Amino acid sequence: MSKRFLLCFHDFSVWSYQKVLPILEELKDLAGAPFSVLVVPDTENASPEAVQGFREALAQLKSEGFELALHGFKHKAEFSQGRSYAGLVGMNLTGGEAEFAGLSQYESSRLLQAALEAWKTLLADENGNVEMPAAFVPPTWFSNKFLPRQVRAAKMLYEDRFSLTTADGVRYSSPVASFAGIPKATEKAAVLYAQGILKFPFGVPRIAIHPVDFPELNETIRDLIRLALGNKRQLTLYRDL
């Protein structure tokens, strides 16, 4: 089997899509194919015009062959009485973005269903039909012990910080290169780590890109994509695992 890698653009939302669309097109040209886009489906407080534009952007990406995955609900946590101490630590480390961190079974299921309902509202066609997300990626990868099973029960691939698990339970080692939220002083070390996982002959490494990476890390990310392709890695999608 050929070596593979995933290119995953995080945080595609009603607030970011206008900035992100041109970047996606440029990276598609560089990679030679469309890739995976992680959608934050909540549109609360957005104008009707922005929501409509977001829907049209998602339809455009689908028509071009981009793969759409579900990236939490709001990417910002609500208060939950069911959050564990470890979850509170995760919340503190991520500025409140780890919305699934340490949730109880009930709260985790409730939030996942809210995310799926928001997804359906955005992506249903004129007949009410909607394609399920290819994968579920909890924001910041902080999670709880119930979420992986809940996601797989909904027939989605589940992604954590170090691995990918299909709905059928097949697990892939998958280290991730990501620069969002890290101190500036650690960027060089993060780049070296990213280069290392793309050169390593095993697993399915991920290049996780965020809107905040641009424009400062534009060339760094492009170099990583070139490195992966130059090392004879094939760009793959969640649904092909």
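The values are calculated or read from the model by the stated rules, or taken from the named source; none is laboratory data. What you see is a predicted model; the values in this text were computed from it and never measured. Positions of Cβ are backbone-derived with ideal geometry, glycine not excepted, and every protein chain shown enters the neighbour counts. Only protein heavy atoms, including side chains, enter the accessible area calculation; ligands, DNA and RNA are left aside. Shrake-Rupley method; radii C 1.70, N 1.55, O 1.52, S 1.80 Å.
Can you tell me which of Gly128, Gly72, Gly82, Gly102 is at pLDDT 95 or above and assigned to a loop (DSSP other than H, G, I, E, B)?
Gly72
On the basis of being more than 22 Å from Glu44 (Cβ to Cβ), of a type in the set (Gly, Ala, Ser) and at pLDDT below 95, does Gly95 make the cut?
No, not satisfied.
Quick one: Ile182 ticks every box in (1) assigned to a loop (DSSP other than H, G, I, E, B); (2) within 26 Å of Leu61 (Cβ to Cβ) bar one, so which box is it?
Of the numbered conditions (1) assigned to a loop (DSSP other than H, G, I, E, B); (2) within 26 Å of Leu61 (Cβ to Cβ), the odd one out for Ile182 is (2).
May I ask you to list the residues in the stretch 1-16 that are part of a strand (DSSP E or B), over 14 Å from Phe214 (Cβ atoms) and of a type outside the set (A, V, I, L, M, F, W, C)?
Scanning the stretch 1-16 gives a single hit, Arg4.
Out of all the residues in the stretch 190-234, which are open to solvent by less than 30 Å² (accessible area, probe 1.4 Å), outside any helix (DSSP H, G or I) and touching a residue at least 40 places away in the same chain (Cβ under 8 Å)?
Passing the criteria: Val204, Pro205, Arg206, Ile207, Ala208, Ile209, His210, Phe214, Arg233.
For the list (1) touching a residue at least 60 places away in the same chain (Cβ under 8 Å); (2) within 25 Å of Leu7 (Cα to Cα); (3) not acidic (Asp, Glu), I need the number of the one condition that Ser84 fails.
(2)
Could you tell me whether Val151 is more than 20 Å from Phe5 (Cα to Cα), touching a residue at least 12 places away in the same chain (Cβ under 8 Å), open to solvent by less than 30 Å² (accessible area, probe 1.4 Å) and β-branched (Val, Ile, Thr)?
yes
Collect the residues in the stretch 17-38 that are open to solvent by less than 30 Å² (accessible area, probe 1.4 Å), out of contact with any His (no Cβ under 6 Å at 6 or more places or on another chain) and not in a helix (DSSP H, G or I), keeping them in residue-number order.
Listed by number, the residues that qualify are Phe35, Ser36, Val37.
Quick check: is even one residue across the stretch 108-118 free of Cβ contacts under 8 Å to residues at least 60 places away in the same chain and outside any helix (DSSP H, G or I)?
Scanning the stretch 108-118, I find no residue that is free of Cβ contacts under 8 Å to residues at least 60 places away in the same chain and outside any helix (DSSP H, G or I), so the answer is no.
What is the residue count in the stretch 144-164 for residues that are over 18 Å from Val39 (Cβ atoms) and under 14 Å from the mean Cα position of the chain (by Cα)?
Total meeting the criteria: 4.
If you go through the stretch 47-74, how many residues are open to solvent by less than 30 Å² (accessible area, probe 1.4 Å) and within 16 Å of Leu21 (Cβ to Cβ)?
Of the residues in the stretch 47-74, 11 are open to solvent by less than 30 Å² (accessible area, probe 1.4 Å) and within 16 Å of Leu21 (Cβ to Cβ).
Going through Gly128, Gly72, Gly90 one at a time, which residue ends up being on the phi > 0 side of the Ramachandran plot and touching a residue at least 40 places away in the same chain (Cβ under 8 Å)?
Among Gly128, Gly72, Gly90, only Gly72 is on the phi > 0 side of the Ramachandran plot and touching a residue at least 40 places away in the same chain (Cβ under 8 Å).
Test Ala180 against the stated conditions and say whether it is over 30 Å from Gln105 (Cα atoms) and of a type in the set (Gly, Ala, Ser).
No; evaluated as a whole, the condition is false for this residue.
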